[in-house]
Amino acid sequence: MPFDPSSPAMFGQTLSRRSLLRGTAALGGLALAASLGAPLSAAAADDAVASFTQLSEFLTGYTLDPVLGARFLAALKKRDADLDASLAALSQLIKQSGVANMDGFLALTGTDPALTKTATKIVSAWYLGVVGEPEDAELITYAESLMYRPTKGLLTVPSYGPGPNAWGPKPGSKI
């Protein structure tokens, strides 16, 4: 039997232009809906990263890499479920107070200690390149951590550690 695409027996039923158009429109609608969902969530994530990076630049006084900002933000969120609220409150306090830099922020009186702690976590993460305490520390960057910026171009970033037990105890800890 020769191939005849217009034959109703080929598909078991006839395929009209109307049903073909309906099917194409339905598939197009599904594809459009799927493609709109990803950019909206990606745009929201981009806004969160941009806000976090901008706040981090205020706190550190440096221009920072938004890719690293995204990684720091994700690592900080893993360890603090209320981070989004803390970041919003911290940003709001900085805007309302009109301080120009971190020194001005630290000079504010009556600041909620939780907001100061959040600011300290952010600055510490960028300077050390690590988020978390030793038990659950997550390395985000080594060579790009801010502790090496003051001597950039003068000293090379160390590529090895000085050996076991090279670090002393954590300040304030009892041996």
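The values are calculated or read from the model by the stated rules, or taken from the named source; none is laboratory data. Bear in mind that the values here come from a model prediction, so they are computed numbers and not experimental data. Counting neighbours? That spans all protein chains shown, and the Cβs are built from the backbone with ideal geometry, glycine included. These accessible areas exclude ligands, DNA and RNA; they are computed on the full protein's heavy atoms, side chains included. Shrake-Rupley method; radii C 1.70, N 1.55, O 1.52, S 1.80 Å.
Computed quantities for the displayed model
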| item | result |
| --- | --- |
| Criterion: open to solvent by 70 Å² or more (accessible area, probe 1.4 Å) and either of a type in the set (S, T, N, Q) or at pLDDT 95 or above (or both) - qualifying residue of Thr109, Thr116 | Thr109 |
| Among (1) over 29 Å from Pro171 (Cβ atoms); (2) at pLDDT below 90; (3) surrounded by fewer than 13 Cβ atoms within 10 Å (Cβ to Cβ) - the single one Gln96 does not satisfy | (2) |
| Selection status of Lys121, open to solvent by 30 Å² or more (accessible area, probe 1.4 Å), among the basic types (Lys, Arg) and free of Cβ contacts under 8 Å to residues at least 24 places away in the same chain | no |
| Inter-residue pairs, beta-carbon under 7 Å, first of a type in the set (Gly, Ala, Ser) and in region 140-153, second surrounded by 11 or more Cβ atoms within 10 Å (Cβ to Cβ) and modelled with pLDDT under 90, 6+ apart | Ala143/Val157 |
| Among residues of region 124-143, those that are among the aromatic types (Phe, Trp, Tyr), closer than 19 Å to Thr53 by Cβ and open to solvent by 50 Å² or more (accessible area, probe 1.4 Å), counted | 1 |
| Some residue of region 137-147 being within 17 Å of Phe58 (Cα to Cα), of a type outside the set (Ser, Thr, Tyr) and either at pLDDT 90 or above or part of a helix (DSSP H, G or I) (or both) | yes |
| Residues that are open to solvent by 70 Å² or more (accessible area, probe 1.4 Å), under 14 Å from Lys117 (Cα atoms) and not in a helix (DSSP H, G or I), drawn from region 68-93 | Asp82 |
| Count - residues of region 55-67 that are surrounded by fewer than 19 Cβ atoms within 10 Å (Cβ to Cβ) and within 12 Å of the chain's Cα centre (by Cα) | 3 |
